[in-house]
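K.L.:
Mind looking over this structure? Questions follow.
The values are calculated or read from the model by the stated rules, or taken from the named source; none is laboratory data. Quick caveat: nothing in here was measured; it's all calculated off a predicted structure. Positions of Cβ are generated from backbone atoms using ideal geometry, with glycine treated the same way; all protein chains shown enter the neighbour counts. In case anyone asks, the SASA skips ligands and DNA or RNA and just uses the protein heavy atoms, side chains included. Shrake-Rupley method; radii C 1.70, N 1.55, O 1.52, S 1.80 Å.
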Amino acid sequence: MHALLVEDDDRMAQALGTALSQRGHTVRRVGRALDALLHLREAEFVLLDLGLPDLDGLELLRRLRTVCDAPLIVVTARCEERDIVQGLRAGADDYVVKPFRMAELMARIDTVRRRTDRRTARRDADAGHGDHHHRPVRAGDVEVDPAGRTVTVAGAEVRLTRREFDVLAFLAVRPDEVHSREEIMDRIWGDAFLGASRSLDVHVAGIRAKTGRSGLVRTVRGYGYRLGRPATGGGDGDGGPRDEAWSPADDGAHDAAHGEADRAR
């Protein structure tokens, strides 16, 4: 695997580069956002520090995600919840706070790569199941086009992150079904045991906010999500709860089963 390491601190970059090389990966290290953009297309995996000298790392992450869907882990000293949520919402596959244990980071890299490989295999399999997976789906004044990977609201295109679109498209191709958190996480992230994490909730909130249609993704409390039929202008449309964020209290059995896995992440 060829890794792109975006890190301006020489000591940190050397440690990360050595650890990756010892595991058989080739590494290109860059210390500036501009250089990261120049070398992005050769990368099979990206490790991204947010504290870069020429551009804020979150802005770089957003730009990377417009042209690249390679697995990406943010490795940064920014540890506030707001930073973590912004990083995940901008398209990071994982978020690791410095200081960290090198063995744990290497394990997270392996896990993200496995999820991505499984997600790609499933996407390829779905492509062979018929044209119904690729037809545009309408929900109120929202149209989701899985083939073109576009979303329009009242005729105007809305830009979602790669992962936000994947979640919405998954719900859209089977609009009448309720999907469990585990099913969605397994299909999109490649790991059902992430079902107790906040990643899915963050991306659902991003979909609702960017489309301006709070009823587009409906929460089925204690279970999962389904595609809604929002009213125009941002209303709830089909009468479901406006924005029921899942919490462990909603599903005690689920938390007992997966709480330990969530804390480990």
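K.L.:
Net charge near residue 66: determine it from the other residues with C-beta under 14 Å of the C-beta of residue 66, scoring Lys and Arg +1 and Asp and Glu -1. Mind showing how you got there, number by number?
P.N.:
Working: positive: 41, 62, 63, 65, 149, 159, 162, 163; negative: 59, 69, 157, 164.
So the environment of residue 66 carries a net charge of +4.
K.L.:
I would also like to ask the following. Just grab the label-to-label distance for residue 38 and residue 221, each label 7 Å out from Cα along the Cβ direction, in nm (one decimal).
P.N.:
5.5
K.L.:
Something else: Would you mind telling me the share, in percent, of accessible area of region 1-117 contributed by carbon and sulfur at probe 1.4 angstrom? Write down the numbers at each step before the final one.
P.N.:
Values: 2620 of 5590 Å².
Using a 1.4 Å probe with all protein chains present, region 1-117 comes out at 47 percent carbon and sulfur.
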